[in-house]
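Q: Here it is, the structure, as C-alpha cells.
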Amino acid sequence: MKFFDEARIEVIAGDGGNGAATFRREKYIPMGGPDGGDGGKGGDVYAVADRNLNTLIDFRFKRTFLAERGENGRGADCYGKGGDDIELRMPVGTVITLQETGELIADLDQDGKRVIIARGGRGGLGNLHFKTSTNRAPRKKTMGQEGERKSLNLELKVLADVGLLGMPNAGKSTFIRAVSSAKPKVADYPFTTLAPNLGVVRTSENRSFVIADIPGLIEGAADGAGLGHQFLRHLQRTHILLHIVDLAPFDPEADPVHDAHAIVEELHKYDEELANKRRWLVLNKLDLIPEDEREARVATFLEGYGPVERHFEVSAISRAGCQEVVFAIQDILDEEKAAAQAAADAAAAAAAERGEAAPDTASDDYDTDYDEDDYADDEQEDRDENPNQ
C-alpha cells in the first residue's frame, strides 16, 4: 500500500432542524395553545486517532464528509431528532489545520483521542417557547442554524522516539533492520527507501522505543533535489536524531565530512527546532575499512567535522557496535521520562498545596441545552411590536 502522509478534505456538519409553529387542535379543547416542537441538532464531525492505521490513504479519493441534518420540529410538542454524528478515523500523529489560515484544529497524538472538528448547528425553537401571558398564540419560531463547514489539511507526523537521517545509501535501513524487527528494503543503490519505516527496538521485557527511518537527504534538498524535505516532518516528534555517516563511500571522490555538514545545513533550512535536537553521529560501514586504518579514518573525520555530543562506531551489516547505540538511547529516554514525571508530580503537588482543583477536561464552550432566557430579548421585541396582544 502506498504511503500517503498529506491530504485535503472538506467537512460539513449537519444543519439544525427548524422549529415548528403549530397549535393544539382537539374537539373539546378550544384554543389549546401553541404546541410546536423544536428542531433537532445537526450532527457533529469528529476525528479519532486509530493506531491500526498508518497512512491517510482513506482520504485520497473521498474528500467531502457530511454529517446528518437535524429533523424539523412538529406539532403536538414533537421535537425533531438530532442528526447522527460521523467519525473520521486517522492515524495516530495526524495534525489537522485549517487550509485558509493554518490554524491548528487538532493534534491526534494519542491512540483513541477524539476531537470535534466541525460542530452541528443548533435546532430552531418551536412556538411553544414564545408563549407569554400577553401573547397566548405566538406564531413565532426560529430556524435551525447552519452547521460548520471547514476545509482542512491533514498532515501525518509519525510518532517515534528516535529518527535516522543521512545521505542516501548511508546504511539507515540496514541499521534499523539490525536493531529491530522492521524489514525495509535494502539495496546497493541510493533512494531504496521511498517512505518512512518504523521499527520497535526492545532492550528488555519492559523497555523499548520506536525508531523511524526516512528517505535519505542530499545537498540541495531545500530546493527540491532528491526527495527534498518531504519527509523531514516525521522527525519533528523524535527525542534523538541518529545521523548515519558512511565512512567508506563507493565514490572515491566523496567526502564524508562535507556530506555530513550538508545534512546539518538542510536541517537548518527546514526547521531550526529540528536542527537543535539532540543529534548523535553513527559512523557506519567500518567493516569495509581495514582494521589498521579504522582508528585513523575515524579520527580524521571527527577532526574535520568538529565538536559532537556523542559518536558511535558501528557496522550495521554485521551488527557490530549496534547494541551499544541501542542501550545508550534507552538510557537517555529513561532519564527524560523520569524527569518529565518528576516535573508533573511537582506541578500536581504545588497545585494541591494551593487548593486548586484538577482542570476539567470536558468542553463546556458549546452548550447543547437551550435556555429560554436566551430568547427573552426576542419575546420583548415581539411584545413591543404587538402591544395589543
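The values are calculated or read from the model by the stated rules, or taken from the named source; none is laboratory data. Here the structure is a predicted model, which means the values were calculated and not measured. Quick reminder, even Gly has a Cβ in these numbers, built from the backbone with ideal geometry, and neighbours come from all protein chains shown. Ligands, DNA and RNA are excluded from the accessible area calculation, which covers all protein heavy atoms including side chains. Shrake-Rupley method; radii C 1.70, N 1.55, O 1.52, S 1.80 Å.
Q: Only one residue in Ser133, Ser151 is of a type in the set (Ser, Thr, Tyr) and outside any loop (DSSP other than H, G, I, E, B), so which one is that?
A: Working: Ser133 fails: outside any loop (DSSP other than H, G, I, E, B).
Within the list Ser133, Ser151, the selection yields Ser151.
Q: Let me spell it out: the conditions are (1) on the phi > 0 side of the Ramachandran plot; (2) among the charged types (D, E, K, R); (3) open to solvent by less than 40 Å² (accessible area, probe 1.4 Å), and Arg319 meets all of them except one. Which number is the exception?
A: Of everything listed in (1) on the phi > 0 side of the Ramachandran plot; (2) among the charged types (D, E, K, R); (3) open to solvent by less than 40 Å² (accessible area, probe 1.4 Å), Arg319 misses just condition (3).
Q: Where the second residue is part of a loop (DSSP other than H, G, I, E, B) and among the hydrophobic types (A, V, I, L, M, F, W, C) and the first is in contact (Cβ under 8 Å) with a residue 60 or more places away in the chain and on the phi < 0 side of the Ramachandran plot and lies in region 130-145, which pairs have Cβ atoms under 6 Å and are six or more apart or on separate chains?
A: That search, which allows pairs on different chains as well, returns Arg139/Ala21; Lys141/Ala21; Thr142/Leu125.
Q: Identify, from the list Arg279, Arg294, the residue that is modelled with pLDDT of 85 or more, open to solvent by 10 Å² or more (accessible area, probe 1.4 Å) and over 24 Å from Ala160 (Cα atoms). Walk me through how you get there before you give the answer.
A: Values: Arg279 fails: over 24 Å from Ala160 (Cα atoms).
On inspection, the qualifying residue turns out to be Arg294.
Q: Just give me the residues in region 1-36 being within 29 Å of Gly147 (Cα to Cα), part of a loop (DSSP other than H, G, I, E, B) and open to solvent by 50 Å² or more (accessible area, probe 1.4 Å), in sequence order.
A: Asp15
Q: What are the pairs, 6+ residues apart or on separate chains, where a residue within region 1-30 that is over 17 Å from Arg74 (Cα atoms) has its Cβ under 9 Å from a residue that is among the β-branched types (Val, Ile, Thr) and open to solvent by 50 Å² or more (accessible area, probe 1.4 Å)?
A: These pairs meet every condition: Ile9/Thr64; Glu10/Thr64; Val11/Thr64; Ile12/Thr64.
Q: Looking only at region 115-135, which residues are out of contact with any Pro (no Cβ under 8 Å at 6 or more places or on another chain), at pLDDT below 90 and open to solvent by 50 Å² or more (accessible area, probe 1.4 Å)? Break it down into steps so the answer makes sense when it comes.
A: Here is the first cut: in region 115-135, the ones out of contact with any Pro (no Cβ under 8 Å at 6 or more places or on another chain) are 115-125, 129, 133-135.
After this cut, where a residue has to be at pLDDT below 90 as well, the list is 129, 133-135.
Matches in region 115-135: Ser133, Thr134.
Q: Moving on to the next point. Just checking, which of Glu295, Glu313 is of a type in the set (Asp, Glu), under 22 Å from His258 (Cβ atoms) and touching a helix residue (DSSP H, G or I) at 6+ places or on another chain (Cβ under 9 Å)? Write out each step before concluding.
A: Working: Glu295 fails: touching a helix residue (DSSP H, G or I) at 6+ places or on another chain (Cβ under 9 Å).
Result: Glu313 is the single residue among Glu295, Glu313 that is of a type in the set (Asp, Glu), under 22 Å from His258 (Cβ atoms) and touching a helix residue (DSSP H, G or I) at 6+ places or on another chain (Cβ under 9 Å).
Q: If a residue must be within 18 Å of His234 (Cβ to Cβ) and either open to solvent by less than 40 Å² (accessible area, probe 1.4 Å) or in contact (Cβ under 8 Å) with a residue 60 or more places away in the chain (or both), how many such residues does region 76-114 contain?
A: Residues meeting the conditions: 12.
Q: Continuing with the same structure: Applying the selection to region 249-260, what residues are modelled with pLDDT of 85 or more and open to solvent by 80 Å² or more (accessible area, probe 1.4 Å)? Spell out the reasoning first.
A: Restricting attention to region 249-260, the residues satisfying the condition of being modelled with pLDDT of 85 or more are 255-260.
Answer for region 249-260, where residues must be modelled with pLDDT of 85 or more and open to solvent by 80 Å² or more (accessible area, probe 1.4 Å): just His258.
Q: While we're here: Out of Glu266, Glu273, I need the residue that is surrounded by fewer than 18 Cβ atoms within 10 Å (Cβ to Cβ), farther than 22 Å from Cys322 by Cα and not polar (S, T, N, Q). Which one?
A: Values: Glu266 fails: surrounded by fewer than 18 Cβ atoms within 10 Å (Cβ to Cβ).
Checking each option against the conditions leaves just Glu273.
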